[in-house]
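K.L.:
If you scroll down you'll find the structure; I have some questions about it.
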Amino acid sequence: MPQDVVFPEVEGLFLRHVANPKDSRKTVVIADHDLFQRLASSVEQIAELSRCELALTISEAAEAAADAGAPTGDSTETAKKPSDGLTYDQLKDALKAKGIEFAANAKKADLAALLDAAPADAGDGTEGAADTGAANA
């Protein structure tokens with residue numbers, strides 16, 4: 001961004017002007033898909049008001065930072081998620097094993113969110129596993 005910005009949707013997400021090489025980048029954990037959508041909406045509105053085509057770049061660097069032991073600015077990353085370290089195909093296999101349905105063209109982040117939200121006992125043939133899949137289809 002060509003100015004300092006703060007995004008209250010994500011704790012600690014305050015970015016300085018793009019010319020500031022240190023503080024114009026931040027590693028944070030976005031807790032869920034709804035929060036990500038709210039953040040994306042805020043970024044889009046600020047970008048439109050600032051007349052910026054590319055306002056913010058988001059990458060999936062949390063896994064690499066966690067593996068390297070780097071701080072991420074959010075203490076929630078310390079809890080291991082079922083999707084941590086899984087490839088796209090492994091996520092699909094894990095969801096199928098739990099009986100959770102997903103769109104054929106679903107993105108890796110969406111698959112990970114589905115797996116992380118699934119009950120721990122899903123996949124044992126219980127009714128809960130079927131309900132989870134129907135709700136997330």
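The values are calculated or read from the model by the stated rules, or taken from the named source; none is laboratory data. All figures in this text were calculated on a predicted structure; none of them were measured in a lab. With ideal geometry, Cβ positions are generated from the backbone for all residues, glycine too; neighbour counts draw on all protein chains shown.
K.L.:
Residues of segment 1-54 being over 20 Å from the mean Cα position of the chain (by Cα) and acidic (Asp, Glu), which ones?
P.N.:
Asp4, Asp23, Glu48, Glu53
K.L.:
Based on what the data block shows, is Val43 modelled with pLDDT of 75 or more and part of a helix (DSSP H, G or I)?
P.N.:
So Val43 passes the test.
K.L.:
Is there any pair with a first residue in segment 37-64 that is under 16 Å from His17 (Cα atoms) and a second that is at pLDDT 75 or above and assigned to a helix (DSSP H, G or I) whose Cβ atoms are under 7 Å apart and which are 6 or more apart or on different chains, and what are they?
P.N.:
If the second residue must be at pLDDT 75 or above and assigned to a helix (DSSP H, G or I), the pairs left are Ala55/Val43; Ala55/Ile46; Ala55/Ala47; Leu56/Val43.
K.L.:
Restricting the search to segment 80-137, which residues are out of contact with any helix residue (DSSP H, G or I) (no Cβ under 8 Å at 6 or more places or on another chain), part of a loop (DSSP other than H, G, I, E, B) and at pLDDT below 75?
P.N.:
The answer is Ala120, Asp124, Gly125, Thr126, Ala137.
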